[in-house]
């Protein structure tokens with residue numbers, strides 16, 4: 001027996017069409033709810049397995065207001081909307097839906113999204129069970145160093161370590177987010193190396209480095225003679241990664257037409273080589289990007305359905321400037337690596353150099369720090385590194401003289417603005433009416449800014 005579905009939709013024709021599609025596919029359908037109150041009554045009396053939830057309902061309360069109640073009852077839900085406004089999408093996304101269906105609905109899209117949501121919910125339940133088991137880095141057998149080879153002492157790194165543990169025990173897609181140079185490939189390799197697929201290949205694909213005209217052949221392969229220049233048969237990256245892992249770096253650069261083919265791989269576990277026949281593949285997908293995919297979706301450059309299929313298990317890497325506690329451990333680790341490689345007896349950094357390293361904002365993140373350490377080792381003639389050559393970041397004249405002028409710095413203004421907004425929301429950060437909504441930013445971004453600016457409720 002298929003799942004029982006609750007449709008929350010105030011437009012009769014659309015609700016009725018949805019009901020017919022679902023019943024025709026064998027789903028049980030609850031009486032249609034046309035308002036917040038009707039939906040709440042149904043949730044209290046006839047608990048569904050999944051909810052199709054219109055964002056804009058008649059009355060004061062919307063589908064976004066109902067979403068937290070559905071989520072509390074551990075019911076997966078999919079938003080229905082004709083509105084692709086970026087702000088609405090951001091607000092809706094903060095409630096953690098299992099996808100979006102854009103009106104007018106196509107039967108194929110509705111049924112596919114239901115299958116995706118059902119699978120995602122099962123994966124999330126499985127991941128939740130795993131997360132309760134692994135409370136610290138030492139819980140994962142065979143993990144080696146507690147930080148999976150990543151140097152550092154920050155609380156953020158400890159959180160990433162725990163997420164790697166969970167991801168390594170699962171088969172779900174992983175989406176790694178973060179600025180360039182934050183170590184996304186290192187995290188992907190750590191997940192693969194500590195997973196059940198570790199003895200099979202991990203294939204790295206830089207989507208930004210492959211020509212848009214060649215990326216389909218690169219990923220899925222091609223048959224001989226399938227296009228001009230295809231003089232031989234080619235095995236694509238997905239087949240090369242069979243029973244292993246494929247890491248799609250900079251997936252935000254992937255062309256839209258290839259995104260649709262990747263979605264099929266995620267949903268159907270099959271590929272189609274250029275000029276060839278469909279074939280099944282058994283590959284774990286890990287993707288990464290330094291782009292804001294929500295902005296890419298709003299601009300029409302990234303598929304919403306692919307985003308949700310990848311966003312099963314996101315891992316967000318903070319920039320190095322927000323992880324001060326990791327700077328020296330990383331520097332010391334690579335100092336020993338490069339000193340040994342160059343047969344030099346260099347034991348550490350002078351105090352002035354340490355101060356410089358800790359005070360620099362590292363726009364290039366960990367990659368920039370590693371490159372600096374390697375260069376410094378090569379230039380060092382003694383046992384201590386006494387000098388490092390960093391690019392000079394020129395402060396703006398206004399910022400440089402802010403104190404003399406009696407002007408608040410940008411950080412001070414940002415902190416005051418966030419504090420004022422939190423006070424207005426009675427310190428509600430997430431959800432409808434929360435500070436993230438009023439500030440029109442992602443709740444995780446707001447939380448990160450609060451940590452960086454030292455904001456906690458004691459300041460309210």
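Within the option set 96, 45, being on the phi > 0 side of the Ramachandran plot, surrounded by fewer than 16 Cβ atoms within 10 Å (Cβ to Cβ) and either without any contact (Cβ under 8 Å) to a residue 40 or more places away in the chain or not assigned by TED's automatic domain parsing to the domain that holds residue 267 (or both) holds for one residue only, 96. Among the residues of region 28-44, is any within 12 Å of residue 114 (Cα to Cα) and in a helix (DSSP H, G or I)? No, region 28-44 contains no residue that is within 12 Å of residue 114 (Cα to Cα) and in a helix (DSSP H, G or I).
Of 279, 324, all but one fail to be surrounded by fewer than 16 Cβ atoms within 10 Å (Cβ to Cβ) and either closer than 29 Å to residue 153 by Cβ or at pLDDT 95 or above (or both); the exception is 324. Annotation for region 238-260: at least one member residue is touching a helix residue (DSSP H, G or I) at 6+ places or on another chain (Cβ under 6 Å), in contact (Cβ under 8 Å) with a residue 60 or more places away in the chain and either part of a strand (DSSP E or B) or under 17 Å from residue 302 (Cβ atoms) (or both).
Only one entry of 23, 107, 14 meets the criterion of being within 29 Å of residue 260 (Cα to Cα), buried (at least 16 other Cβ atoms within 10 Å of the Cβ) and outside the structural domain of residue 431 (by TED's automatic domain parsing), and that entry is 14. Only one of the listed residues (66, 57) is in contact with a strand residue (DSSP E or B) (Cβ under 9 Å, 6 or more places away or on another chain), in contact (Cβ under 8 Å) with a residue 40 or more places away in the chain and assigned to a helix (DSSP H, G or I). That residue is 66.
Whether any residue in region 367-387 is closer than 25 Å to residue 158 by Cα, outside the structural domain of residue 159 (by TED's automatic domain parsing), in contact (Cβ under 8 Å) with a residue 60 or more places away in the chain and surrounded by 14 or more Cβ atoms within 10 Å (Cβ to Cβ) is what I want to check. Within region 367-387, one or more residues are closer than 25 Å to residue 158 by Cα, outside the structural domain of residue 159 (by TED's automatic domain parsing), in contact (Cβ under 8 Å) with a residue 60 or more places away in the chain and surrounded by 14 or more Cβ atoms within 10 Å (Cβ to Cβ). One residue alone among 250, 239 is on the phi > 0 side of the Ramachandran plot and crowded, with 16+ Cβ neighbours inside 10 Å, and that residue is 250.
Residues are listed down the side, and each one gets a yes or a no for (1) part of a loop (DSSP other than H, G, I, E, B); (2) under 20 Å from the mean Cα position of the chain (by Cα); (3) modelled with pLDDT under 90:
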| residue | (1), (2), (3) |
| --- | --- |
| 285 | no, yes, no |
| 288 | no, yes, no |
| 308 | no, yes, yes |
| 314 | no, yes, yes |
| 329 | no, no, no |
| 332 | no, no, no |
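Taking first residues from region 180-191 that are without any contact (Cβ under 8 Å) to a residue 60 or more places away in the chain and partners that are crowded, with 22+ Cβ neighbours inside 10 Å, the Cβ contacts under 6 Å between residues at least 6 apart in sequence or on separate chains come to 190/148; 190/164.
With respect to the conditions (1) in contact (Cβ under 8 Å) with a residue 60 or more places away in the chain; (2) farther than 30 Å from residue 325 by Cβ; (3) in contact with a helix residue (DSSP H, G or I) (Cβ under 8 Å, 6 or more places away or on another chain), residue 221 falls short on a single one, namely (1). Residues that are touching a strand residue (DSSP E or B) at 6+ places or on another chain (Cβ under 6 Å) and not in a loop (DSSP other than H, G, I, E, B) within region 192-215 comprise 192, 202, 203, 204, 205, 206, listed in sequence order. So is residue 78 modelled with pLDDT of 85 or more, in contact with a strand residue (DSSP E or B) (Cβ under 6 Å, 6 or more places away or on another chain) and within 16 Å of residue 9 (Cβ to Cβ) or not? Considered against the rule, which asks whether it is modelled with pLDDT of 85 or more, in contact with a strand residue (DSSP E or B) (Cβ under 6 Å, 6 or more places away or on another chain) and within 16 Å of residue 9 (Cβ to Cβ), residue 78 comes out as yes.
Sub-6 Å Cβ pairs linking a first residue in region 144-168 that is modelled with pLDDT under 80 to a second residue that is assigned to a loop (DSSP other than H, G, I, E, B), at least 6 apart or interchain, number zero.
The values are calculated or read from the model by the stated rules, or taken from the named source; none is laboratory data. Just so we're clear, the structure is a prediction, and the values are computed from it rather than from any experiment. Positions of Cβ are backbone-derived with ideal geometry, glycine not excepted, and every protein chain shown enters the neighbour counts.
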